[in-house]
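The next block holds one structure in the form of structure tokens; read it before the comments.
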There are 6 protein chains.
Amino acid sequence: MATVPLLSDEEASAETLAVFDDIRATRGTDYVNNFWRALAHDPALLRATWERLKVVMGPGALDPLVKEMIYVAVSTANGCEYCVHSHTAAARAKGMTPAQHSEMLAVIGMAMQTNGIVTGLQVPVDDLFKA
Amino acid sequence: MATVPLLSDEEASAETLAVFDDIRATRGTDYVNNFWRALAHDPALLRATWERLKVVMGPGALDPLVKEMIYVAVSTANGCEYCVHSHTAAARAKGMTPAQHSEMLAVIGMAMQTNGIVTGLQVPVDDLFKA
Amino acid sequence: MATVPLLSDEEASAETLAVFDDIRATRGTDYVNNFWRALAHDPALLRATWERLKVVMGPGALDPLVKEMIYVAVSTANGCEYCVHSHTAAARAKGMTPAQHSEMLAVIGMAMQTNGIVTGLQVPVDDLFKA
Amino acid sequence: MATVPLLSDEEASAETLAVFDDIRATRGTDYVNNFWRALAHDPALLRATWERLKVVMGPGALDPLVKEMIYVAVSTANGCEYCVHSHTAAARAKGMTPAQHSEMLAVIGMAMQTNGIVTGLQVPVDDLFKA
Amino acid sequence: MATVPLLSDEEASAETLAVFDDIRATRGTDYVNNFWRALAHDPALLRATWERLKVVMGPGALDPLVKEMIYVAVSTANGCEYCVHSHTAAARAKGMTPAQHSEMLAVIGMAMQTNGIVTGLQVPVDDLFKA
Amino acid sequence: MATVPLLSDEEASAETLAVFDDIRATRGTDYVNNFWRALAHDPALLRATWERLKVVMGPGALDPLVKEMIYVAVSTANGCEYCVHSHTAAARAKGMTPAQHSEMLAVIGMAMQTNGIVTGLQVPVDDLFKA
């Protein structure tokens with residue numbers, strides 16, 4: 001179904017396996033999801049993406065759960081089925097409750113709705129909002 | 001610049017003014033921003049949008065600041081200039097720090113990046129992620 | 001502001017002027033809007049786009065005003081500022097009333113909202129809907 | 001496949017069933033489609049979405065069929081598979097002929113095409129188009 | 001699965017078959033892919049789309065492989081699953097190597113990422129970039 | 001206009017200035033464009049973005065000019081005004097001719113058009129296209 005075959009551990013190069021091992025160790029699970037197995041054909045792109053993801057999604061000024069919800073919001077607006085599924089699962093793993101999931105969806109829907117109305121009206125930005 | 005004229009208080013109908021008054025009272029400010037002044041031509045759409053926004057963006061299972069950041073994330077992915085400005089301003093008013101703003105942008109960028117790579121690869125959803 | 005200069009009649013080639021003349025004759029106005037003046041650098045692309053537009057937007061199974069509203073809806077979802085402005089103006093020229101404009105915006109907003117919620121929920125298509 | 005289980009009538013709460021009943025009565029059918037069954041986990045969001053949909057998509061200044069076509073246009077530009085299917089089905093139920101379907105697709109394609117060319121050229125909005 | 005049935009050669013009209021024959025002759029294959037079989041219900045739209053595609057994607061100032069990669073890039077950003085698959089296959093048929101595929105994906109990801117960050121920051125266009 | 005102030009060299013931190021210097025040296029120009037000046041508030045995000053951009057956009061299996069055109073294609077589909085301007089300028093600096101620019105726009109338009117028609121038709125992917 002993908003535009004490239006997904007690589008199993010047996011098919012992966014040593015460089016790719018090293019990234020898979022880090023994914024496993026970081027997440028405390030043996031499971032390596034399909035995204036990384038599709039990226040496995042290009043160990044350099046695989047590593048760059050994974051290393052950056054670790055930094056961006058790790059603890060910082062924002063809670064990791066909040067980061068996952070922002071990720072789901074972007075992925076939803078972009079219509080990325082895989083990303084919606086994987087980051088909704090990640091948000092749940094980080095503690096998102098059904099009530100939080102539901103409110104997130106309501107906010108996404110509200111934002112989409114006003115994005116459409118504002119764009120249809122071509123509302124000019126208030127001076128007050130400019131930095 | 002908008003596709004309709006923005007209505008001043010003087011030009012607004014009584015129904016529209018009633019919504020403007022509720023916006024002012026709810027937000028504790030005299031300022032009514034351009035989005036509502038453009039919507040003012042249709043008091044029913046204005047009221048429905050405002051009433052729903054109050055419910056969705058108010059306190060609940062998610063923090064109001066988190067809701068604003070989800071709003072900005074969706075608006076950014078949709079390329080809605082007005083919405084990015086107005087909800088970044090709203091997020092700041094609800095306490096978003098420069099470090100949080102910066103991390104939010106990094107997460108949005110990361111999500112956009114992997115949305116593109118996943119879609120280009122057409123990665124199938126892992127069974128594990130399905131509810 | 002454009003990524004190419006807009007061509008005046010004086011700067012346009014004979015091939016480009018022939019298309020400009022057909023735009024003027026078809027629309028019954030002397031005004032040639034900026035889109036065509038930006039396309040004027042490539043007479044072949046200009047002509048192909050204009051000839052196709054005439055066919056697609058002309059009378060047929062759908063009313064020309066309905067076609068303009070579909071055009072605005074797509075342009076709004078894609079965030080195309082120029083297209084929203086030009087086709088809202090075209091819809092008005094074809095008789096769109098303020099009440100119709102307002103309802104169109106409400107439908108666009110409703111569609112955007114449920115697009116977001118459906119995508120966030122990843123709702124599977126009902127068998128009933130399949131052709 | 002969805003990020004939440006779809007609720008059957010047996011699994012639904014009394015509040016949810018009340019909305020399902022109104023959907024059935026309004027549409028004159030026993031069938032409740034998957035979107036509502038996925039939303040059923042949050043009776044408040046379910047009700048708000050359904051109540052608003054009834055108002056927006058009902059008779060008014062625009063014909064209900066025209067509204068469905070605008071809905072399909074937005075859903076297509078946003079790439080929402082479910083929404084394209086469900087609202088194409090709804091448009092057919094409201095009388096859309098194959099010729100109208102085909103013209104709608106041609107207009108959507110035309111709009112997408114010029115959205116892309118205009119954005120690539122960054123054409124400035126003509127003063128004439130501004131309200 | 002499509003919103004219209006796909007037409008076999010037996011079901012196609014004479015006008016549609018003439019286009020199918022040209023697709024076969026131009027591409028040197030007997031296979032007519034699903035896109036054309038879905039468009040087959042409207043011979044005029046089928047012919048206009050195919051005739052235009054031949055012109056746009058043929059040899060010119062850009063290499064046909066480069067054109068396919070631009071096509072994949074647009075289709076990826078728009079989340080069009082069918083188009084990503086069909087034009088990735090076309091790019092491969094025109095010689096795209098795995099290393100080129102991988103670099104294309106990295107560029108798409110980079111562009112998506114900075115599109116998001118730039119839009120979130122609402123960076124004003126430098127005077128230097130204006131034509 | 002941006003959601004953050006753009007930083008001049010005088011306002012930038014030492015870490016930020018080090019990245020600015022590398023941008024200048026790599027590009028052989030004194031000019032640092034607004035994107036980097038807006039990112040300058042977060043030296044870590046600035047550096048990560050710049051370092052990655054250098055790798056991704058540099059020479060490899062694809063020509064740097066082809067990479068810029070892919071970048072413009074994605075940015076156009078996403079409606080990112082700044083990115084369209086800056087990467088069209090970059091493509092020109094790398095040798096894009098007016099004829100190539102024009103063909104790129106025609107391909108983007110063609111892709112957008114068929115993205116819309118395919119999505120409206122919900123065409124299923126041919127088995128032949130699957131990897």
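The values are calculated or read from the model by the stated rules, or taken from the named source; none is laboratory data. Because the structure is a prediction, the values reported are computed rather than measured. Quick reminder, even Gly has a Cβ in these numbers, built from the backbone with ideal geometry, and neighbours come from all protein chains shown.
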From A:68, A:10, residue being out of contact with any strand residue (DSSP E or B) (no Cβ under 7 Å at 6 or more places or on another chain), modelled with pLDDT of 95 or more and assigned by TED's automatic domain parsing to the domain that holds residue A:93 | A:68
Restricting to segment A:79-90, what's the tally of residues that are within 9 Å of chain D (Cβ to nearest Cβ), of a type in the set (A, V, I, L, M, F, W, C) and over 15 Å from residue B:116 (Cα atoms)?
-> 1
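Restrict the check to segment E:99-108 and report whether at least one residue is in the same structural domain as residue E:125 (by TED's automatic domain parsing) and out of contact with any helix residue (DSSP H, G or I) (no Cβ under 9 Å at 6 or more places or on another chain).
Yes, because at least one residue in segment E:99-108 is in the same structural domain as residue E:125 (by TED's automatic domain parsing) and out of contact with any helix residue (DSSP H, G or I) (no Cβ under 9 Å at 6 or more places or on another chain).
Residues checked against (1) of a type outside the set (Gly, Ala, Ser); (2) surrounded by 13 or more Cβ atoms within 10 Å (Cβ to Cβ):
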position	(1), (2)
B:8	no, no
B:21	yes, no
B:31	yes, no
B:47	yes, yes
B:53	yes, yes
B:56	yes, yes
B:68	yes, yes
B:77	no, yes
On the given criteria, is residue A:44 out of contact with any Lys or Arg (no Cβ under 8 Å at 6 or more places or on another chain), free of Cβ contacts under 8 Å to residues at least 60 places away in the same chain and either among the aliphatic types (A, V, I, L, M) or not assigned by TED's automatic domain parsing to the domain that holds residue A:109 (or both)?
-> yes
Hey, residue C:29 closer than 26 Å to residue C:1 by Cα and either at the interface with chain D (Cβ under 9 Å from one of its Cβ atoms) or in contact with a Leu (Cβ under 7 Å, 6 or more places away or on another chain) (or both) or not = no
Can you name the condition, by its number, that residue D:14 falls short on among (1) over 18 Å from the mean Cα position of the chain (by Cα); (2) under 15 Å from residue C:128 (Cβ atoms)?
-> (2)
What number of residues in segment F:104-131 are over 13 Å from residue E:85 (Cα atoms) and out of contact with any Cys (no Cβ under 9 Å at 6 or more places or on another chain)?
-> 13
Being of a type in the set (D, E, K, R) and within 30 Å of residue F:31 (Cβ to Cβ) is the filter; apply it to segment F:80-131 and report the residue that is nearest to the chain's Cα centre (by Cα).
-> F:81
Residue F:52 being charged (D, E, K, R), closer than 27 Å to residue A:44 by Cβ, assigned to a helix (DSSP H, G or I) and without any contact (Cβ under 8 Å) to a residue 12 or more places away in the chain = yes
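Conditions (1) among the basic types (Lys, Arg); (2) more than 8 Å from chain B (Cβ to nearest Cβ); (3) surrounded by fewer than 24 Cβ atoms within 10 Å (Cβ to Cβ), marked per residue:
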| site | (1), (2), (3) |
| --- | --- |
| E:92 | yes, yes, yes |
| E:95 | no, yes, yes |
| E:100 | no, yes, yes |
| E:104 | no, no, no |
| E:110 | no, no, no |
| E:113 | no, no, no |
| E:116 | no, no, no |
| E:119 | no, no, no |
| E:125 | no, yes, yes |
Going through segment F:17-36 one residue at a time, which ones are more than 16 Å from the chain's Cα centre (by Cα) and either of a type outside the set (Ser, Thr, Tyr) or closer than 21 Å to residue B:101 by Cβ (or both)?
-> F:17, F:18, F:19, F:20, F:21, F:22, F:24, F:25, F:28, F:30
Check residue D:79 against each of (1) out of contact with any Gly (no Cβ under 8 Å at 6 or more places or on another chain); (2) free of Cβ contacts under 8 Å to residues at least 24 places away in the same chain; (3) in a loop (DSSP other than H, G, I, E, B) and name the one condition it does not meet.
-> (1)
Of the candidates A:18, A:38, the one satisfying the condition of being modelled with pLDDT of 95 or more and either farther than 24 Å from residue C:122 by Cβ or among the basic types (Lys, Arg) (or both) is A:18
Counting only residues that are under 11 Å from the mean Cα position of the chain (by Cα) and either of a type outside the set (Gly, Ala, Ser) or not in a helix (DSSP H, G or I) (or both), how many does segment A:55-76 have?
-> 10
Across segment B:55-76, the tally of residues that are free of Cβ contacts under 8 Å to residues at least 12 places away in the same chain and either more than 8 Å from every other protein chain (Cβ to nearest Cβ) or under 28 Å from residue B:8 (Cβ atoms) (or both) stands at 5
Can you run down the residue pairs with Cβ atoms below 6 Å, 6 or more apart or on separate chains, where the first is in segment A:85-103 and within 21 Å of residue B:126 (Cα to Cα) and among the hydroxyl-bearing types (Ser, Thr, Tyr) and the partner is at pLDDT 95 or above and not in a helix (DSSP H, G or I)?
-> A:88/D:3
For segment A:25-34, how many residues are without any contact (Cβ under 8 Å) to a residue 24 or more places away in the chain and either farther than 25 Å from residue A:81 by Cβ or not in a helix (DSSP H, G or I) (or both)?
-> 6
